[in-house]
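The values are calculated or read from the model by the stated rules, or taken from the named source; none is laboratory data. In this text, all values refer to a predicted model and were calculated from it rather than measured experimentally. Every residue, glycine among them, receives a Cβ derived from its backbone with ideal geometry; neighbour counts consider all protein chains shown.
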Amino acid sequence: MKKLSFAFAASFALFALALSSCTKSNKTIIRMQHMEEGVGSPTSIDELKAAISKYEERVADIQLANGQIGIWHKILATRYLDKKMYGEALKSFQKALEYYPNNQNLYYYVGLCAGYMSHASMDFDADGREEKRENYLKLSEEAYSRAIEIEPRYARALYGLAVLYVFELGEDEKAIPLLEKLLTIETKNIDAMFLLARAYYMNYDFDKAVGMYDKIISLTKSPERKAEAEANREIVQNAAYSK
């Protein structure tokens, strides 16, 4: 075990050196690799096979190191998230994506953190400009969308993007198909039902909004949520009658 650990550490150190050093030429790095692996300029079949085997092991070590670094960035990000340090969490999730660019969970968390950071992007210069907030909201939308692209049935990302459309971007109509799809996956998701009912209401589809509140009333076991749905249904019905 000690020998394996040392070999891994040596390979990782050499890899880090190759990435970080701007003063060493490629020839120098290759020469160092040859010295460490005991490979010079192979010519015979046996020498070439031995050289290939040694460098395949090096590549495997580097891949393992990269994978572990990505995992550590993700763990660090979740620690920041637990402490509600959304800016630092966002940075670490973005770093993790450099190692795992097709991980839907990482994109979901980027969307979540970017949404929170949009709330912290106040107009401190009082010049009426909101580019920073808008950029965070755009990043959040893109990240949620990418998560759904990777995993179309990713319920949390569907809900997160719908919340963004309803409460942050004022694009309720875009939330409707997301929530309708979500409710085919999680048929008793009360939060999604409330959000969909609101989206229907904001788009003047009062009948569907009332129907969704009725469904909530019939399904929920929470007296508070039932009362909330009944109150909202009355508001929708009044709006429909006053048309």
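Brief remarks follow.
- Qualifying residue in segment 179-187 (condition: within 28 Å of the chain's Cα centre (by Cα) and not in a helix (DSSP H, G or I)): yes
- For Ser218: the one exception among (1) of a type in the set (S, T, N, Q); (2) more than 29 Å from Ser118 (Cβ to Cβ); (3) touching a residue at least 12 places away in the same chain (Cβ under 8 Å): (3)
- Single residue of Tyr116, Tyr165 found to be in a helix (DSSP H, G or I), aromatic (Phe, Trp, Tyr) and under 22 Å from Leu81 (Cα atoms): Tyr116
- Output for segment 191-220, where each listed residue is among the β-branched types (Val, Ile, Thr) and either buried (at least 17 other Cβ atoms within 10 Å of the Cβ) or in contact with a Ser or Thr (Cβ under 7 Å, 6 or more places away or on another chain) (or both): Val210, Ile216, Thr220
- The one condition in (1) surrounded by fewer than 21 Cβ atoms within 10 Å (Cβ to Cβ); (2) modelled with pLDDT of 95 or more that Ser121 fails to fulfil: (2)
One line per residue, one yes/no per condition, for (1) touching a Cys at 6+ places or on another chain (Cβ under 7 Å); (2) surrounded by 14 or more Cβ atoms within 10 Å (Cβ to Cβ):
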residue: Lys84; (1), (2): no, no
residue: Glu88; (1), (2): no, yes
residue: Phe93; (1), (2): yes, yes
residue: Ala96; (1), (2): no, yes
residue: Leu137; (1), (2): no, yes
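- The listed residues are Arg156, Arg129, Arg133, and the only one of them that is at pLDDT below 95 and in a helix (DSSP H, G or I) turns out to be Arg133.
- For Arg146: the one exception among (1) more than 15 Å from the chain's Cα centre (by Cα); (2) outside any loop (DSSP other than H, G, I, E, B); (3) not assigned by TED's automatic domain parsing to the domain that holds Ile235: (1)
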